[in-house]
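Since every read-out is calculated from the coordinates, none of them should be taken as a lab result. Worth saying up front: this structure is predicted, and the values here are computed from it rather than measured. When we count neighbours, we look across all protein chains shown, and the Cβ atoms used for this are built from the backbone with ideal geometry, even at glycine.
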Amino acid sequence: MKIIPYAPQYEESWLRCRVLAYLHTAMYEDVVTKKPTFDGRPAIELIAVEDDAVIGLIDLVLDTEEQKTTILSEGLGAFLPVIAVHPDHQSRGIGMKMYKAALQELEKTAIEFIELYTRDDVQANNFYQKLGFEIGLETYDVYGTEKKLMKEITVEGIENKKFKVKDANSKPCHYLIGGAIYYEVFDKAALEEIDYERYHVSYGYFKRIK
Ligand SMILES: CC(C)(COP(=O)(O)OP(=O)(O)OC[C@H]1O[C@@H](n2cnc3c(N)ncnc32)[C@H](O)[C@@H]1OP(=O)(O)O)[C@@H](O)C(=O)NCCC(=O)NCCS
């Protein structure tokens, strides 16, 4: 296994590694179909490669005085949008090695802290806590529908291959919410206002490196 800078020839392998790494986590629906780039912003993009396949990946996008993404500490931060290890290779130290390789690159810059967000998976939270990250923010990622948006409807039949639907006031109704909406909730008490299928605590972590 070697850790090297990301190169476009690895894009397909990068995407497969990412989707498989997230498959059995609380972030399973977070699928990307193109390797994210950072619009020319300074970034560190590393991959762990074995037999020419990507088995691990880490990206960090760095704040500049002109453009800042981080919010959890003072000064210039590096935002970590993704770290992932292929499930066949997890818990063998590859995540740690990639993090340390990225840290070495960060030490050459003016970056003072690292910031990231993750949900309530034990593996990821253990990983960041072992590295000395602390929680700076707690929000809730909620999948459901606000109770006030829910409509009572009556399906009266099918006419010209279309549903004929009336709302509670017997007015024609032409649409309804067909599935869960994603809400970012800032206060746990607000969960009462949502009829949710599931929610995840989202932790914002940061670690000072200077
Ligand atoms: C989180 C992740 C990047 C860690 O990489 P890794 O190579 O599996 O982890 P390492 O082998 O380097 O282990 C480092 C520490 O992580 C934690 N950890 C790793 N695997 C774990 C597991 N199966 N259960 C609980 N904690 C675990 C432990 O604290 C471990 O330290 P230890 O070995 O002294 O106990 C990787 O497991 C992964 O890709 N998980 C799925 C995707 C994900 O959650 N990414 C982060 C989202 S923001």
Are there any trypsin sites (Lys or Arg not before Pro) in the range 112-193 that are in a DSSP loop and have at most 15 other Cβ atoms within 10 Å? List them by number. K151, K161
In whole Å and largest first, what semi-axes does the C-alpha gyration tensor of the range 1-84 yield when each eigenvalue is scaled by 5 and square-rooted? 24, 16, 11
Lysine pairs with alpha-carbon atoms under 22 Å apart, the range 142-198, spacing 8 or more or separate chains: 12
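Mind putting a number on the dipole of the range 142-198 about its Cα centre? Charges go on the C-beta only, +1 for Lys and Arg and -1 for Asp and Glu, and I need it in Debye to the nearest 20.
The calculation lands at about 360 debye.
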Loop sites only, by DSSP: take the GluC sites (Glu not before Pro) in the chain that have at most 12 other C-beta atoms within 10 Å and name the longest stretch containing none of them. 153-210
Name the residue from V122, G132, C173 whose Cα lies farthest towards the positive end of the charge dipole of the range 103-179, charges +1 on Cβ of Lys and Arg and -1 on Cβ of Asp and Glu. C173
The range 1-152: equivalent-ellipsoid semi-axes (sqrt of 5 x gyration tensor eigenvalues, Cα, Å): 26, 21, 16
On a 18 Å Cα-Cα criterion, which of the cross-link pairs K68/K207; K34/K108; K97/K130; K2/K97; K68/K100; K100/K130 come out too long? K34/K108; K68/K100
Find me the longest stretch of the chain that has none of the exposed chymotrypsin sites (Phe, Trp or Tyr not before Pro), where exposed means in a DSSP loop (not H, G, I, E or B) with at most 13 other Cβ atoms within 10 Å. 29-174
At q = 0.29 Å⁻¹, what log₁₀ I(q)/I(0) does the range 142-198 have when each alpha carbon counts as one equal point scatterer in the Debye sum? -1.12
Percent RCO, i.e. relative contact order, over the range 66-153, from Cα pairs under 8 Å lying at least 6 residues apart: 33
